[in-house]
1. Mind putting a number on the dipole of the chain about its Cα centre? Charges go on the C-beta only, +1 for Lys and Arg and -1 for Asp and Glu, and I need it in Debye to the nearest 20.
2. Quickly rank 347-358, 178-189 as a protection proxy: mean count of other C-beta atoms within 10 Å, highest first.
3. Working only with C-alpha atoms, what are the Rg and Dmax values of the range 232-443, expressed in angstrom?
4. Mean separation of Cα pairs under 8 Å and 6+ residues apart, divided by the residue count of the range 80-219: what relative contact order is that in percent?
5. If you take the charge dipole of the range 3-215 about its Cα centre, with +1 on Lys and Arg Cβ and -1 on Asp and Glu Cβ, which of I160, T68, W32 is farthest toward its positive end?
6. How compact and how long is the range 50-161, expressed as Rg and Dmax of its alpha-carbon atoms in Å?
7. Taking the Cα centre of the range 28-129 as the origin, how large is its charge dipole in debye, to the nearest 20, when only Lys and Arg (+1) and Asp and Glu (-1) carry charge on their Cβ atoms?
8. Where Rh is the Kirkwood radius over the Cα pairs of the range 290-391, the temperature 37 °C and the viscosity 0.692 mPa s, what D in µm²/s does Stokes-Einstein return?
Amino acid sequence: MAVKIVESHSVSPSSGAAAEHTLPLLYFDIIWFDFVLTKPLFFYALKCSQSHFLDTILVNLKHSLSLTLKHFLPLASKIIFPLTSSAMPVSRYTTGDSLSLVIATSDDDFSHVVSNHPKPAADFHQLVAQMPAAVYSSDEIKFSALAIQLTLFPNQGICIGFTHHHSICDATTLNAFLHMWASINNSNVIEQLPFYGRDSVQDSTKLTMIHWDKMKTNRPTVSLAPPSPSDKVRATFHLSNPQIEKLKRWVAIKKPSIGRPSSFVVACAYLWSCLAKSEVDKDDDDETQYLCSPVNCRGRLDPPLPENYFGNCSIQLIAASSHGKLKGNDGFVAAAEAVAGAVKIAVKSSRVSEFYENRSEILSELKGKRVVWVAGSTKVDQHGADYGWGRAVKYECIHTDFNGAVHLCKGRQGGIDMGFSMPKPNIFSFASIFNKYLFINSNL
């Protein structure tokens, strides 16, 4: 894939934006300071020439982006990581701040890039936006929250690529930003505005201090990670709605005590059990294995936060089972039971304080263990933002090249997509198991 940069822009919020906007970063946000930068890519079918794109479509996109940033000022802000003992981290926007927007072209075959079959993972990194350099001083580090790259595949399609610092917000908030940008660009309609309230966040003062005391001796991630390992490939596996319903019925038949499982439970369970079955080199059946996934807890706090709350707001779900159970004939059911049980624990409001008071110790116990890390959410529609070209035809989550997570999201036409980045032999081993057991259960 040959990608060429053709233009660079700085986009500021439109006129009428507040002259200054400061947003405290709470414990939900602080824990992400040293996480890899997230790098989602959204692909749209768009048949237009380079000249038409630059002269017309780009002009509209820049204008609608500016209008959107007026309502999402933290995404054009600088994140302030203080180096003095008395200060706390914040996001601060002042007039003149902007985000980086890079325009590029690619000569690759768009239909190949957006296909589900395995492709070299390193190729996708050319579509990722470069974050501007951080600014260092004796008392603070200032760095950007978001950068965007638009890559045109002339007469084929476009990729909208983001590099996003997780400490500013989670996927729920970023998705709301994308939908508003698309809505303004498509029909000049402003969707639900973000809620910036911080006063009622559960146990905020205590837990924020606990995690800032642990984080402030580190340094935040401010630039892109090294290139993806050359042996990795990216592939997407899909569970259709009928397949998900069959998996739910299978759990209900085999383990009625669980009740009717959610789509998230059966998707994670099927993923987890298929990975265990595909690990032919593992022979320790008594080894405990884990599946971990973030769970949006806005509506489950005490008091609850609105869904349009701007920032991070999640708790880590941790399910456990043995390798022997997971790879066995009833491995899927065993996995479903473990995931369903972990969900019940994670969604309790009392669990939030308990988890964040002991988060470091809980996660340290997983070091060196076999863990399936799940990113994303089966409730987030990553294909839904329509800029005037229809729904996205593909979504990729590039930072999973570095942390080994499997990304879950709603499929473009229903169902659930699972995005993988792993060595090619592992992908093909998993694929054979994934397809085999869907076929076995096809007569439910």
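Just so it is clear, none of the values below were taken in a lab; they were calculated from the coordinates. Bear in mind the structure is a predicted one, so any value in this text is a computation, not a measurement. Please note: Cβ atoms are built from the backbone with ideal geometry, for glycine as well, and neighbour counts cover all protein chains shown.
1. The calculation lands at about 840 debye.
2. 178-189, 347-358
3. Cα radius of gyration and Dmax of the range 232-443 are 17.2, 53 Å respectively.
4. In percent, rounded to a whole number, it is 22.
5. Of the candidates, T68 comes out farthest on the positive side.
6. Spelled out, the Cα radius of gyration and Dmax of the range 50-161 are 17.7, 55 Å.
7. With only Lys, Arg, Asp and Glu charged at Cβ, the dipole is about 320 debye.
8. For these conditions, the coefficient is 210 µm²/s.
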